[in-house]
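Written out below as structure tokens is the structure these notes cover.
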Amino acid sequence: MKSFKYLLYLFFILNLSVLNINAKDLTPTSSLLASGGVIDLVLNNDKLYASTAASSVDIFDIKTQERIDSIKMPKIKDFLGDVIDSKIYSVDVLENNILILSQGEQGGRNLDIYTNGKFENIIKDTERQFIARAKFLDENHIIYALLSNQIYLYDIKNKKILKEIQISQSKFSSFRLTQDKSKLVVCDESGVISMLDSKSFDILKTFRYQNLDNVFQVDIKDNLILTAGQDRRAAVYNLDTNKAYYKEYSFLIYAAALSPSTKLAAVASDEENNVTIFDTSSQANLYKLTENKATLSNILFLNENEIIVTSDDKQINYYKID
């Protein structure tokens, strides 16, 4: 029996080696420079919007790879009365409107819509709503989440909350809307992934057991969900087959993203801030994206061959894969 277990273990190690042996190291093809460490990232019409820890949303032209604009937010006073930069926790774009969630005073949050050089305040920091993430649902509605894991559907025109749901008692981590914005996928400290109807807030499905701890980020495209776990697991859930698996790496997985076709997944994979790209069908590791200077914050596929990686550093790395 011991011999059989040893052979089974040896087979597993050899099989794992085969999956990893062809992973190719890649350095950045080029880099962009943001005003500060990048917190959130959105691509819209060949423009890259990077929210930073330096009171700004930087806008880059992807084709020329140049910074073309920067939206500046006011600095704030911290608890000691010192003037500091405001962190921009999330950014989103819909047509000419830019949704900006920023750090306010006394721990509060400001939620603003920036249009044609003017700000419209939606939620003030004095309301003491500890908002962690906010995105447009459509031109009339915003979805935002509190650290307490309460999710809200907000009517912009009428300035009121339409829907509210408490996902769980676990601390909120992140959410992602589907490409058609019909569904919302939420991850939190519990490791459970919740899928909601984005308008009714009905819980459609929950996904369990692949992650055992906090899930930092989640991505969804077509029929696949990908997670980035504190337990060093990147889980993949297939909505069509109801099957799931996880890949385990050597360090906490802070960021994860799927390619547009879902054939590829990219995850933060080690203590050196490298990103591993793997085939979602075979689970084989294909590439390792290197030379990221700090803890990773975002991975974004521009298409199947071009990838943007950001971190707590100012440098935004652009990679091109074969």
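Details
- The stretch 255-266 - phi-based ³J(HN,Hα) in whole Hz, Karplus 6.51/-1.76/1.60, Gly and Pro as x: 9, 7, 7, 9, 6, x, 7, 6, 6, 10, 10, 10
- Charge-dipole axis of the stretch 195-322 as Lys and Arg at +1 and Asp and Glu at -1 on Cβ define it, positive-most pick from N223, L289, I253: N223
- Each Lys and Arg contributes +1 and each Asp and Glu -1, all at the Cβ; summed about the Cα centre of the stretch 10-163, the dipole is approximately 320 debye.
- Contour excess over end-to-end distance, with Cα ends at D180 and E291 and 0.36 nm allotted per residue: 36.6 nm
- From helices alone, the chain scores -2000 deg cm²/dmol at 222 nm; the rule is -39500 (n - 2.57) for each run of n ≥ 4 DSSP H residues, then divide by the residue total.
- Over the stretch 240-322, relative contact order from alpha-carbon pairs under 8 Å, at least 6 apart, %: 21
- Degrees between helix 2-20 axis and first principal axis of the chain (Cα, 0 to 90, nearest 10): 50
- Protection proxy ranking of 314-322, 41-49 - average other beta-carbon atoms within 10 Å, highest first: 314-322, 41-49
- Straight Cα distances below 18 angstrom link K63 to the lysines K47, K320, with same-chain residues fewer than 8 positions distant left out.
- For the stretch 241-322, size of Cβ-based charge dipole, Lys and Arg +1, Asp and Glu -1, in debye: 240
- Theoretical FRET efficiency, 1/(1+(r/R0)^6), r = Cβ-Cβ of L162 and N44, R0 35 Å, to 0.05: 0.90
- Cα→Cβ-extended label distance, 7 Å offset, between S250 and K171, nm: 2.7
- Cα-projected label distance for T29 with E139, points at 7 Å along beta-carbon direction, nm: 3.5
- Rounded if a/c under 1.5, otherwise prolate or oblate - the stretch 42-179, Cα gyration tensor axes: oblate
- Label-point separation in nm, N97 to S261, each point 7 Å along Cα→Cβ: 3.5
- Per residue accessible area of the stretch 37-78, 1.4 Å probe, in Å²: 46
- Under the convention that each Lys and Arg Cβ holds +1 and each Asp and Glu Cβ holds -1, the size of the dipole of the chain around its Cα centre is about 640 debye.
- Here mean projected area of the Cα convex hull in nm² was calculated from the structure, and among [x] 20.4; [y] 22.9; [z] 17.9 it sits at label [z].
- Contact order, relative form, for the chain: 14 percent (alpha carbon pairs under 8 Å, 6 or more residues apart, mean separation divided by residue count).
- Computed over the stretch 142-211: relative contact order in percent, which uses C-alpha pairs under 8 Å that are six or more apart: 21
- The stretch 124-220 shape via C-alpha gyration tensor axes, a/c threshold 1.5: oblate
- Percent accessible area from carbon and sulfur atoms, the chain, protein chains only, probe 1.4 Å: 49
The values are calculated or read from the model by the stated rules, or taken from the named source; none is laboratory data. If you're wondering where the values come from, they're calculated on a predicted model, not measured in any experiment. No Cβ is skipped: glycine too gets one built from the backbone with ideal geometry, and neighbour counts run over all protein chains shown. Accessible surface is based on the protein model in full, side chains and every heavy atom, while ligands, DNA and RNA are left aside. Shrake-Rupley method; radii C 1.70, N 1.55, O 1.52, S 1.80 Å.
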